[in-house]
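Single-structure report; data block below.
The values are calculated or read from the model by the stated rules, or taken from the named source; none is laboratory data. Note that the structure is predicted; figures quoted are calculated from it, not measured. We work out accessible area using only protein heavy atoms, side chains counted, and drop any ligands, DNA or RNA first. Shrake-Rupley method; radii C 1.70, N 1.55, O 1.52, S 1.80 Å.
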Amino acid sequence: MNHHPSDPEHLRPSTSFWARPGAKAWISLVLVTGFYLLREHWGHIAGWWPYLLLAACPLIHLMRGHGGHQHGNSSEPD
């Protein structure tokens, strides 16, 4: 498919996802649904918080690149 440079659709700037009205509606829907689920099921969720926190610690450690460990790759002498 060839687009001619004077094609109006080709010249139109693409809008950011966050600037679209549909995106704002979806975000609002997700926030309201999340609030409702937390409020209605807080008794079930509260019992799992310690386990979720303990499970998140190793995941955060892996995602952050193992913190400040050097692993002997330093080129500077001690």
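In region 20-64, the portion of solvent-accessible area held by carbon and sulfur atoms comes to 76 percent [1.4 Å probe, whole percent, DNA, RNA and ligands not counted].
As an exercise, find the ratio Rg/Rh for region 21-62 from alpha-carbon atoms, using the Kirkwood inverse-distance average for Rh. Walk me through the numbers on the way to the answer.
Working: Rg = 14.5 Å, Rh = 12.3 Å.
Result for region 21-62 is an Rg/Rh of 1.17.
Accessible area per residue for region 21-62 is 91 Å², calculated with a 1.4 Å probe on protein heavy atoms, without ligands, DNA or RNA.
Run the numbers for residue 52 and residue 30: contour at 0.36 nm per residue of separation, minus the present Cα-Cα distance, in nm. Could you put the intermediate results ahead of the total?
Values: separation 22, 0.36 × 22 = 7.92 nm, distance 2.15 nm.
Computed gain between residue 52 and residue 30 is 5.8 nm.
Within the assembled protein chains, the solvent-accessible surface assigned to residue 38 is about 80 Å², based on a 1.4 Å probe.
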